[in-house]
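Enquirer: Before I ask anything, here is the structure I am working with.
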Amino acid sequence: MTDKPTSEQSSPLISTKALFATLIAALAVILALFAPIRNSLSRLPKTTIRSMSTTSSPALKITKRPWAARGHADHDWLYTFHTFSFASYYDPRYESYGPLRVINEDRVKPSTGFGTHSHSEFLIWSYIVNGTLEHKDSLGNLENLKRGEVQFTSAGTGIRHSEYNRNRDDEVHFLQIWAKPNKKGLKPHYETKKFTDEMKMDKLVRIMEYTDRLGDKKGDAPIGLQADLSMDASILSPGKKVTHEIVADGPRKVFLQVVMSKRAQPKEGGAKIKIGDTVLGEGDGAYVEGVHGPGKIEVESVGEKSAEFLLFDMGVYDA
Ligand SMILES: *[C@@H]1O[C@H](CO)[C@@H](O)[C@H](O)[C@H]1NC(C)=O
């Protein structure tokens with residue numbers, strides 16, 4: 001103690017005691033301040049996991065893509081909405097999301113369609129909502145696709161196909177989705193599967209699955225594709241909820257898209273879903289950022305009729 005300033009004071013003993021008391025007080029203050037910080041730090045991982053299981057988490061950033069803000073074209077034969085830049089619609093803010101590159105909501109009039117055209121290096125699938133779509137390609141496939149059917153083409157090194165509405169009376173309504181494969185030069189592949197309304201009713205049914213996650217599942221398994229993308233579909237009745245388990249660990253991107261029942265979103269009534277505090281009506285989409293697996297995302301049907309929607313769970317790389 002002799003080399004300390006206190007040693008120069010008249011009563012070293014008292015002053016040492018005083019110093020000691022001050023030190024203890026200071027320590028108490030530091031500890032008192034530290035406890036909440038330390039506690040909150042040790043709580044952090046738990047909070048993150050818990051908040052992932054509820055969509056009201058501030059960690060999730062949900063950005064709506066309103067139905068009418070999408071790119072739109074009415075070519076008479078084709079009435080279409082583009083979530084991402086496509087054909088004559090170009091907006092650098094909406095080019096892709098993860099491996100997802102295109103979501104078009106198309107209505108094709110009777111006796112018209114997309115003539116033969118070619119594709120390469122894209123994963124392309126059509127989710128038929130209503131009506132019949134004829135699909136014909138250079139691999140020799142010819143099919144009439146109906147509601148519930150999902151036609152998947154991995155264009156790979158190149159294919160030519162046409163999509164036509166041969167029906168003379170009814171239009172065909174479908175969603176066409178494209179994703180970027182994580183491998184180039186794949187052998188062209190064609191596959192169609194049916195997912196009935198019953199399978200989707202108040203459940204999430206996996207429609208598309210990354211081949212690496214699919215393993216060698218067969219039968220009722222989803223359609224495999226060469227991209228870190230899972231797509232589920234649901235028809236959720238009013239008041240019901242479904243929970244999606246994030247398909248992989250680590251940061252993920254989620255996108256939701258509500259299917260329309262008419263050419264425009266109904267002003268009143270209609271289907272609505274809720275994720276976090278965001279309500280999506282018919283034709284609306286939503287980007288969900290800040291998603292981290294393992295975790296859950298809850299979707300609730302809050303409209304007046306059943307909501308048919310798609311949920312994409314994807315790797316964070318960009319197409
Ligand atoms: C399906 O298409 C038919 C014929 O165009 C139409 O009458 C019916 O309203 C459509 N259903 C839905 C749910 O869009």
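Enquirer: Does any residue of the stretch 210-233 turn out to be within 16 Å of the ligand (Cβ to nearest atom) and touching a Phe, Trp or Tyr at 6+ places or on another chain (Cβ under 7 Å)?
Expert: There is at least one residue in the stretch 210-233 that is within 16 Å of the ligand (Cβ to nearest atom) and touching a Phe, Trp or Tyr at 6+ places or on another chain (Cβ under 7 Å).
Let's see how each residue does on (1) over 23 Å from T157 (Cα atoms); (2) buried (at least 19 other Cβ atoms within 10 Å of the Cβ):
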{"site": "I103", "(1), (2)": "no, yes"}
{"site": "K109", "(1), (2)": "yes, no"}
{"site": "G113", "(1), (2)": "yes, yes"}
{"site": "T116", "(1), (2)": "no, no"}
{"site": "F122", "(1), (2)": "no, no"}
{"site": "W125", "(1), (2)": "no, yes"}
{"site": "N130", "(1), (2)": "yes, no"}
{"site": "D137", "(1), (2)": "no, yes"}
{"site": "N141", "(1), (2)": "no, no"}
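Enquirer: Which of the residues that make up the stretch 192-208 are under 26 Å from F114 (Cβ atoms), surrounded by fewer than 17 Cβ atoms within 10 Å (Cβ to Cβ) and in contact with a Ser or Thr (Cβ under 8 Å, 6 or more places away or on another chain)?
Expert: Passing the criteria: none in range.
Enquirer: Do we have any residue at all in the stretch 297-308 that's assigned by TED's automatic domain parsing to the domain that holds V205, surrounded by 18 or more Cβ atoms within 10 Å (Cβ to Cβ), within 18 Å of H173 (Cβ to Cβ) and within 15 Å of the chain's Cα centre (by Cα)?
Expert: Scanning the stretch 297-308 turns up at least one residue that is assigned by TED's automatic domain parsing to the domain that holds V205, surrounded by 18 or more Cβ atoms within 10 Å (Cβ to Cβ), within 18 Å of H173 (Cβ to Cβ) and within 15 Å of the chain's Cα centre (by Cα).
Enquirer: I'd like the full set of residues that are within 15 Å of the ligand (Cβ to nearest atom) and part of a loop (DSSP other than H, G, I, E, B), limited to the stretch 169-182.
Expert: Hits for the stretch 169-182 are D169, D170, E171.
Enquirer: Something else: Would you pick out the residues in the stretch 222-252 that are part of a strand (DSSP E or B) and either in contact with a helix residue (DSSP H, G or I) (Cβ under 8 Å, 6 or more places away or on another chain) or among the basic types (K, R) (or both)?
Expert: Within the stretch 222-252, G224, L225, S230, A233, S234, I235, K241, R252 qualify.
Enquirer: Something else now. Report, by residue number, each residue of the stretch 262-285 that is in contact (Cβ under 8 Å) with a residue 40 or more places away in the chain, surrounded by 20 or more Cβ atoms within 10 Å (Cβ to Cβ) and within 30 Å of D170 (Cα to Cα).
Expert: Those that are in contact (Cβ under 8 Å) with a residue 40 or more places away in the chain, surrounded by 20 or more Cβ atoms within 10 Å (Cβ to Cβ) and within 30 Å of D170 (Cα to Cα): L280, G281, E282, G283, D284, G285.
Enquirer: Among the numbered criteria (1) in contact with a Gly (Cβ under 8 Å, 6 or more places away or on another chain); (2) within 16 Å of the ligand (Cβ to nearest atom), which one does G185 miss?
Expert: Condition (2) is where G185 drops out.
Enquirer: Read through the list (1) within 15 Å of the chain's Cα centre (by Cα); (2) charged (D, E, K, R); (3) modelled with pLDDT of 95 or more, then give the number of the only condition that K262 fails.
Expert: The single condition K262 does not satisfy is (1).
Enquirer: Moving to a separate point now. Anything in the stretch 147-168 that is within 11 Å of the ligand (Cβ to nearest atom) and either surrounded by fewer than 19 Cβ atoms within 10 Å (Cβ to Cβ) or small (G, A, S) (or both)? List them, or say none.
Expert: R147, N167
Enquirer: Residue check: is H135 in the same structural domain as K194 (by TED's automatic domain parsing), at pLDDT 95 or above, away from the ligand (no atom under 16 Å from the Cβ) and under 24 Å from D232 (Cα atoms)?
Expert: Yes, satisfied.
Enquirer: Please specify each residue of the stretch 64-94 satisfying the condition of being assigned to a strand (DSSP E or B), free of Cβ contacts under 8 Å to residues at least 40 places away in the same chain and either of a type in the set (D, E, K, R) or closer than 15 Å to G283 by Cα (or both).
Expert: G71, H72, A73, D74, T80, H82
Enquirer: Counting just the residues of the stretch 218-259 that are of a type in the set (D, E) and within 21 Å of K193 (Cβ to Cβ), which one comes out surrounded by the fewest Cβ atoms within 10 Å (Cβ to Cβ)?
Expert: D220
The values are calculated or read from the model by the stated rules, or taken from the named source; none is laboratory data. Computed from a predicted structure; not experimentally measured. Positions of Cβ are generated from backbone atoms using ideal geometry, with glycine treated the same way; all protein chains shown enter the neighbour counts.
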